[in-house]
Each structure stands twice: as C-alpha cells, then as structure tokens.
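The values are calculated or read from the model by the stated rules, or taken from the named source; none is laboratory data. A quick note: this is a predicted structure, and the numbers were derived from the prediction, not measured. Here the Cβ positions follow ideal geometry from the backbone for every residue, glycine too, while neighbour counts run over all protein chains shown. Ligands, DNA and RNA are stripped out before the accessible areas are found, and what is left, the full protein with its side chains, is counted by its heavy atoms. Shrake-Rupley method; radii C 1.70, N 1.55, O 1.52, S 1.80 Å.
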Amino acid sequence: MALHVPKAPGFAQMLKDGAKHYSGLEEAVFRNIRACKELSQTTRTAYGPNGMNKMVINHLEKLFVTNDAATILRELEVQHPAAKMIVMASHMQEQEVGDGTNFVLVFAGALLEVAEELLRMGLSVSEVIEGYEKACKKTLEILPDCVCSSAKNLHDVDEATSLIRTAVMSKQYGNEDFLSNLIAQACVSIFPESGNFNVDNVRVCKILGCGVTASSVLHGMVFKKEAEGDVTSVKDAKIAVFSCPFDCMVTETKGTVLINNAQELMDFSKGEEGLMEAQIKAIQEAGANVVVTGGKVADMALHYANKYKLMVVSVTCKVSGTAPTPEEMGHCDSVYLTEVGDTQVVVFKHEKEDGAISTVVIRGSTDNLMDDIERAVDDGVNTFKVLVRDKRLIPGAGATEIELAKQITSYGESCPGLEQYAIKKFAEAFEALPRALAENSGVKGSELISKLYASHHEGNKNMGFDIEGEGPAVKDMLEGGILEPYLVKHWGIKLATNAAITVLRVDQIIMAKAAGGPKAPKQRGHWDKDGWDEEPDHFETHH
C-alpha cells in the first residue's frame, strides 16, 4: 500500500492535486495589475499616428505587421485571465464603435498602474473602486461639455473626408488625405436618405501591385475571378444568380442503360444536350444575360451559354436554383472583365451614385501593407457609422483628456473621504494618452503635459498636441481638423473603467489543474529543413 502523504493544511487541502491558488493583495491583485500593465505597455507604443508597428506571427504562422490594437490582441491570444478582461473590453469597443481599441487598453492600463500606487499607500481596494466609479460617472457628465462641433451634412463628401481623416491618420500616417477621401466617397455613395448605414455595404478588394495611391472606389462589386465563357462584357445587365454548380443533374438512383447500336448512343447523349440547351435557353428567354453561379461550370453548359451570349461568372456563395422570373433577377448597369495590375477581375458596376454597395479597390506593394490599409478603411467606415448615430465631435490629440483630467482633479478636491485620492489618480490616468502620443513622436511627455495644462487653464479647451510641430508644440484641434466622434471616447472611458474595476475586484485566483494528460514535447526540426519529410540534422556539414 502506498504511503499516504497528508496535504498541507489550509485551502490547498480542498482542491485536487495540481491546482494553484493565489490570494491577498500581494499575490492576486498586484499580480493581475502587473499583467495588465505589461499588456497596455505593449500596445501603448502603437498609439497615435507615430505609433510603432508590431510584427505578430500567429499560431498558423501568418504574419501581421500592424499598429491596430484590435488585430494585435486578436492574434496574440492572451492567456492571463486578468489581462483577458482588458482584451475583452477592447473587443467590446471594437464591436460597439469600431475604433478606439488602443485607447481602452492604454487607459485601463494607466488606471491599474495608479491603483497600484494607491493600494501601496494603504487605501483599501473598495475605496479605490468607489473613487473610480464616482470619477467615471462625473467624467461622462463632463464629456458633453467638451464637444466642440458636430457633423452637419454626412451626404457631403468633403465634410465626411475631414471627419474620417483622424481615424485613418492613426493607421496610415502620410496617406490619410487620399484614403479618407476614398472611404468618404464609398460611404456617402451608399448612405441612403433614410439614414440607415450598414458597414458591410462597403466592400474591400485587395489587388497586389502598384502603390497605395492607385487605389480607387467603384460603385458596385469587384470579384477576383475571371469570366468563364467568351462573353467578357455586358452593358445594362440582367443577372441570374444560382448557388448550385452550372451543370446538369445526375440522377438520384443508379440506372443501367443497355445500348445496342451506335444510333441509340447518339440519341442518348443528344437527349442530355437537348435538356441542357433547353434550360439555358429558358434562362436567356427570361431576359437574363449574366449568370453568376456558386459552383463549377460544366463544359457543355458553357458551350450553350456562349451560344446564347450569356456571360458566366463563377463565385463561391450560396443563392437559388431554377430559371428565374424577371422580378427575381438582379440588375446592373454594366458587367465586364478587366485587368488590374496582372489580376483578372470581374466588375459589377452601377453608373448611378445611389447603389446599395460600393467597393474600395486597394492597391499595394505587399499583402501586409494592403491588410493594414484594409484595417484603416474599416476604421474609417466605422467612424462614419458612429457619426450617423451621433453627430457630436470632440477635439482629438489629447485635448479632451487634459480637459477631463483638469476638471476631475478639481472635482476630487471637493470630495470628502478617502475616495478623493482615487478620483485624483483617475484624472492622472488620463495623462497617459497625450504622454503616449508625445513619447511615440519622440517628445518629452512631461513637458508636453505641463504645456497642455497651462493652455487649458487659460480656458483654451481645444488645445492638443501638435504632432507636426517642433518639440512639445500645442495647437487648436478644432482649427487643425483633428476631431474624434463623441461616442468613441464615451464608450472607451466607460469600458476601460469597467475593465479596471473588474480586475481590482479580484482578490483570489484559483486555477484547477488543466484537463488532459501530459503534453508531448514538440519536435524541433533543423533550421535549414526544406520539406516536412526531410530528416533533421542529417546534413553533411564538412567536406
């Protein structure tokens, strides 16, 4: 009989072998705060137009080069439970407004950093949380006073361009004017009078080659596919769309056909051809002259499609299956095959402005670059959508943060009780954002912050960090056109505070032993191994 080893008394007695538990301030709270700080420091250097890019290689060995916090976090697959909460908050921000994910991370990290100072000073966690909640509530009350202008007419391309520019700038600094104009055209052309704007109606098609400035906007759809048949362009197209392959059906049951002579064989295949022809003729007589199919196109079907002058495009998607009625058919001004760079594309184009879908064709020298531009386009389109919901705008580049910090500090001084310290620290956490902007631009953060405070105390609410200026320069953001949608900040502050409070509320971490047996160690191949079948380390290194 095996010797029974008694467990150490205390909490570990109740748990299975291999379970870990951490409790108390030192072990749980500070540990969590440290993890979240590390995470926010990672993305902090990617904040703002001069932010650095991160090179992330995910578990499928796909390479991302980006400064978009949402993408970085999605591909990093953060394991630490507390850091995961902050990641979730930034994902919520991505879903809610589509931009400002990095703001959430930097701000939540800053809140936790100052919370650590408070806890080390001797405040209890509940006092810190209470102070944070009060400060957050007050911030959201003050925020509407920071509004400096609002969008007047979103149907105007020039105005939309100026509003989208800030969001694009933080992703693609240098190309922001060109890209924001493209995105504005795409958004305005599909923005109906009724005011319902759908983000998915702006499509992105990435085609390798040329440079960013060769990108363009098309009203309609672009598919990276070639037309199947001889007909390569159709004006005033009537389109029939099928989800099934463009082919004749095989019978359900197996049948055996006994053919005695050559004549019967001829008649047999002729019957099949006749059926096929009848079907294609029916499609053509219904008025369709373009067929879009969701599967492969049979040679015989293609032959008859060419005979009846039908243009055939094969696209992988799901739609319907018999000869369509005229009401069911799609309509498009022109469908044509064209070449962009060395890629064949089929374009479904609407001449009129008020189409339901527009496509931004992105050109770029590498795939990574185009992926990054696509993310900038996403942010731009989301900014447009947020402005459709709420037209208010606030100054960017740290102007709003400093104004809030100033007002929250004075609010903290008027509060009795210990939570006033937490409220003041909440205000201090706002300074992390202009500081990050400054440090990423190579400017001393503290110099800039004192300059910003000085100009805000004189009553200049819209003063923010001037990135293009020499050293820690400040300028009026309303004149500079650096504006952010009100909702982006509103949700960002709310979600970041909630995430920070949730992390602080944890005082014990109990981790059960992970399920599953021991993991087999990974075999590391030789660094110079070409194929998978090659034996590692069996190379002749000496001659």
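Here are some notes:
- For a straight C-alpha distance cut-off of 18 angstrom, the lysines reachable from K206 (same-chain residues fewer than eight places away being disregarded) are K62, K171, K224, K225, K349.
- In the context of the full set of protein chains, the chain has a per residue accessible area of 52 Å² (1.4 Å probe).
- Label selected from (i) 24.3; (ii) 26.7; (iii) 27.9, the criterion being Kirkwood radius over Cα pairs in Å as computed here: (iii)
- FRET efficiency for M52 and V257, using Cβ-Cβ distance with R0 set to 56 Å, rounded to 0.05: 0.20
- Partners of K138 within straight-line reach, counting aspartates and glutamates whose Cα lies under 15 Å from its Cα and excluding those fewer than 8 residues away in the same chain: E130, E401, E403, E413, E419, E428.
- Annotation for I142 and C210: the two label points, set 7 Å from Cα along the Cα-Cβ direction, are 4.8 nm apart.
- If only the Cβ of Lys and Arg carry +1 and only the Cβ of Asp and Glu carry -1, the dipole of the chain around its Cα centre is close to 1540 debye.
- If R0 is taken as 35 Å, the Cβ-Cβ distance between E277 and K224 corresponds to a FRET efficiency of 0.65.
- Taking 7 Å steps out from each Cα toward its Cβ at N196 and K270 produces label points 5.5 nm apart.
- In range of the label at K296: residues from segment 234-278 whose backbone nitrogen is under 15 Å from the point 7 Å along Cα→Cβ: 244-250
- The chain, helix-only ellipticity at 222 nm - DSSP H runs n ≥ 4, -39,500 (n - 2.57), divided by all residues, nearest 500: -14000 deg cm²/dmol
- Carbon plus sulfur fraction of accessible area for segment 42-171, probe 1.4 Å, in percent: 53 percent
- The lysines within cross-link reach of K513, meaning a Cα-to-Cα straight distance under 24 Å and a gap of 8 or more places when in the same chain, are K7, K16, K20, K84, K522.
- Of all complete DSSP H helices in the chain, those with a Cα span along the helix axis of 15 Å or greater and a mean Kyte-Doolittle hydropathy of 0.5 or more are 101-121, 157-169, 176-189, 486-504.
- The distance between label points at M14 and A514 comes to 2.5 nm (points 7 Å beyond Cα on the Cα→Cβ vector).
- The residues packed around E374, meaning those with a beta-carbon under 13 Å from its beta-carbon, carry a net charge of -1 if Lys and Arg are +1 and Asp and Glu are -1.
- Probe 1.4 Å - accessible area at D99, Å² to nearest ten: 30 Å²
- Largest to smallest accessible area among T43, T409 [probe 1.4 Å]: T409, T43
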